[in-house]
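Right, one structure below, let's go through it.
The values are calculated or read from the model by the stated rules, or taken from the named source; none is laboratory data. Since we're looking at a predicted model, the values are computed, not measured. Positions of Cβ are backbone-derived with ideal geometry, glycine not excepted, and every protein chain shown enters the neighbour counts. Note: accessible area is taken over every heavy atom of the protein model, side chains too, but ligands, DNA and RNA are not part of it. Shrake-Rupley method; radii C 1.70, N 1.55, O 1.52, S 1.80 Å.
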Amino acid sequence: MASKGATVSSFVQSAPPGELSNVVEDIKALAPNEVRSLEPAFKKYNEEQYSTVKLPGSSEVVLVSSYNTLNDGRYFDTASQTSFETASNAQSYTLDSSHADTVRSLLKSFSAAATEHFPSSTVGVYPTDSDSSVAILLVANKYSPQNFWNGRWRSSYLLNPTGNSVTGAIKVDVHYYEDGNVRMSTSKKVELSGSSADGIVREIAKAENKFQEELNRAFSTLAEGSFKGLRRQLPVTRQRVEWEKIAGYRLGQDIGGGRSK
Amino acid sequence: MDPFDAALDLLRRLPPSSTQQNLNGIIALRPDLEEDLLSSVDVALTSKRCTKTGRDYLCCDYNRDDSSYRSPWSNEFEPPIEAEAAADLIPGGRIRRMEESLNAGVDVYRELYYEGGVSSAYLWALEEGFAGVVLFKKTSSAGGSAGKGGWDSIHVLEVSEAAGKRSAHYKLTSTVILDLGLSSSAVDNLELAGNLTRQTESDLALTHSGSRESDIEQSHVVNIGRMVEDMETRMRNLLQEVYFGKAKDVVGDLRSIQPLSEVGRERDAHRDVISKMGR
């Protein structure tokens with residue numbers, strides 16, 4: 001049996017897009033003593049979900065990830081050259097990386113390309129820990145709690161600057177919860193290459209378009225396949241059941257028992 | 001916030017594919033909520049084979065006593081329970097007659113709509129009237145790029161008869177748990193899982209000549225069957241809308257395949273045409 005701390009941490013980890021504060025309220029009501037043990041879970045959630053933060057003293061929104069964390073609980077932003085604690089205490093930050101130029105040009109192209117497909121998104125480009133590659137990240141959120149749905153799109157790519165090859169993943173989460181709880185989650189690994197910042201960003205947009213088209217097709221496959229195969233809209237006879245006569249349906253006696261499929 | 005409400009709110013937010021696991025987690029945090037949660041949270045149904053008849057039946061909190069379940073086909077608990085508890089929990093007389101007839105009815109209904117799967121109905125007496133649950137479960141075994149799926153429906157009923165038994169009031173709370181998924185090279189993994197709950201109430205006539213008890217019983221089965229059929233048909237449409245319409249729309253709201261500058265230009269052009277037509 002998992003410890004209480006592990007249980008409430010797992011609730012935080014699996015909170016739907018835009019609903020972390022609701023989940024925390026529920027945890028407070030259920031297990032108030034466990035709330036103070038949640039700090040590591042919050043950090044992990046923020047870094048995995050690319051939580052966005054408004055830079056103190058600026059209108060700039062930046063994201064938080066494991067790629068732009070500094071060891072003292074602060075994060076850095078390459079575009080504004082700032083380091084920050086989540087929501088307070090901004091300081092200037094100088095990027096120390098052999099890929100500083102690549103970071104800058106990718107940031108420019110990727111930001112421009114993002115506005116072409118995402119009505120609202122936050123991007124970040126960071127050299128990774130060992131300076132061996134460059135992380136290109138995007139998060140787009142759309143929350144509509146008054147209509148009981150929330151959604152999040154995350155793109156994560158790692159560029160290997162020596163070979164100009166990129167590996168990455170797209171993840172999309174949607175939650176709908178009007179008198180129910182419906183969750184869509186999907187992920188797709190991506191591999192591509194490009195010889196310049198513009199070229200890489202173009203390939204990313206192409207791969208994301210392709211994924212989104214495939215995802216739309218997958219919805220149709222499920223609607224036309226699995227879903228239809230579970231329960232018919234009407235019986236084969238195209239007639240609703242005549243419950244008054246149901247005792248007389250031959251079928252009733254013929255189907256017998258023991259069918260398990 | 002009341003802890004019970006907080007538990008329900010949490011289960012409405014966390015991934016529905018892990019409801020059972022999260023329910024166990026909440027109960028470990030708050031053992032005092034166990035009974036209330038088990039009777040109000042719907043989880044995917046399990047089936048068992050009735051040793052007496054060889055037929056499959058579905059298990060839920062309503063046919064459970066400790067770790068024994070009552071088969072609707074044999075009307076016996078498996079494994080057997082103590083005689084005293086059995087006397088309280090095993091329905092007899094009119095409740096059992098209606099239960100048998102309802103099981104026969106939903107069995108035909110199941111074959112017509114589900115073309116397979118398992119169904120069970122359980123009834124129990126209330127101080128006034130009676131209550132029941134009608135259950136269906138179907139899984140589709142195809143996998144991979146064709147997708148897999150599971151449907152569980154749970155219809156809980158409360159019935160109160162009007163004086164003179166000319167009509168009855170039916171209250172129906174229905175939950176469908178629908179779990180779909182596929183994996184292919186085009187989208188590595190797509191999971192669409194969840195549940196929706198809807199309620200309805202209705203006063204329906206009990207048709208009988210004179211006051212023959214068997215006619216009244218049959219009338220209840222017809223009314224319940226029809227209400228369940230209406231509700232399932234409505235919910236199937238709703239599920240289709242939410243799973244394939246809403247989810248897809250939200251993805252489209254997050255990201256547009258068509259470049260937004262083109263979308264903007266088209267909108268401007270469209271507005272231009274409209275304004276010229278208005279002149």
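A few remarks follow.
- Around the amide H of A:Ser51, modelled in the peptide plane, lie the amide H atoms of A:Val64, all under 5 Å away and 5 or more residues distant in sequence or on another chain.
- Within-12-Å neighbourhood charge of A:Lys108 [Cβ basis; K, R +1; D, E -1]: -1
- Taking every C-alpha pair closer than 8 Å and separated by at least 6 residues, the mean separation divided by the residue count of chain B gives a relative contact order of 11 percent.
- For chain B, adding -39500 (n - 2.57) for each run of n ≥ 4 DSSP H residues and dividing by the number of residues yields -13000 deg cm²/dmol at 222 nm.
- Spatially proximal lysines relative to B:Lys165 (Cα-Cα < 29 Å; intrachain offsets below 8 disregarded): A:Lys245
- Listed residues B:Ser256, B:Ser183, B:Ser39, most fluctuating in chain B (Gaussian network, C-alpha, under 10 Å): B:Ser256
- Cα long-axis angle, helix B:3-13 against chain B (0 to 90 degrees, to the nearest 10): 50 degrees
- Only protein heavy atoms count here, probed at 1.4 Å, and on that basis chains B and A bury about 8400 Å² of accessible area in total.
- Counting Cα-Cα pairs of the protein assembly as shown in 20 Å increments starting at 0 gives whole-percent bin shares of 19, 44, 27, 10, 0.
- In the context of the full set of protein chains, the range A:1-43 has a per residue accessible area of 46 Å² (1.4 Å probe).
- Taking amide H as placed 1.01 Å from N in the peptide plane, the amide H of B:Gly147 sits under 5 Å from that of B:Ser183, each at least 5 places away or on another chain.
- Those lysines that a straight Cα-Cα span of less than 23 Å connects to A:Lys206, excepting residues fewer than 8 apart in one chain: A:Lys108, A:Lys142, A:Lys171, A:Lys188, A:Lys189, B:Lys248
- Residue with peak Gaussian network fluctuation, chain B [Cα springs, cutoff 10 Å], from B:Gly25, B:Gly92, B:Gly264: B:Gly264
- Share of carbon and sulfur in the accessible area of chain B stands at 48%, probe radius 1.4 Å.
- Note that the range A:98-227 shows a convex hull volume over its alpha carbon atoms of 120 Å³ per residue.
- Relative contact order, percent, chain A [alpha-carbon distance under 8 Å, six or more residues apart]: 11 percent
- The alpha-carbon of A:Lys44 sits under 13 angstrom from the alpha-carbon of none of the aspartates and glutamates, leaving out residues fewer than 8 places away in its chain.
- Descending semi-axes in whole angstrom, ellipsoid equivalent of the range B:82-209, from the Cα gyration tensor: 36, 17, 14
- Computed from Cα atoms, the angle from the helix B:213-240 axis to the main principal axis of chain B rounds to 20 degrees.
- For the range B:150-158, Karplus couplings with θ = phi - 60° (6.51, -1.76, 1.60), whole Hz, Gly/Pro x: x, 10, 10, 10, 10, 10, 9, 10, 10
- Accessible surface, per residue, of the range A:98-227 when the full set of protein chains is kept, probe 1.4 Å, Å²: 41 Å²
- Mean-position separation - Cα centroids, the range A:164-221 and the range B:181-241, in angstrom: 36 Å
- Applied to the range B:78-91, the Karplus parametrisation 6.51 cos²θ - 1.76 cosθ + 1.60 on θ = phi - 60° returns per-residue 3J(HN,Hα) values of 10, x, x, 10, 4, 4, 5, 5, 4, 4, 7, 9, 8, x Hz, with x for Gly and Pro.
- Relative to the Cα centre, the charge distribution of the range A:44-162, modelled as +1 at Lys and Arg Cβ and -1 at Asp and Glu Cβ, gives a dipole magnitude of about 420 debye.
- Protein accessible area in chain A, 1.4 Å probe - carbon and sulfur %: 47 percent
- Considering helices alone, the calculated mean residue ellipticity of chain A at 222 nm is -10000 deg cm²/dmol, with DSSP H runs of length four and up weighted by -39500 (n - 2.57) and normalised per residue.
- Among A:Glu19, A:Glu224, A:Glu244: highest mean-square fluctuation, GNM of chain A, C-alpha pairs under 10 Å: A:Glu244
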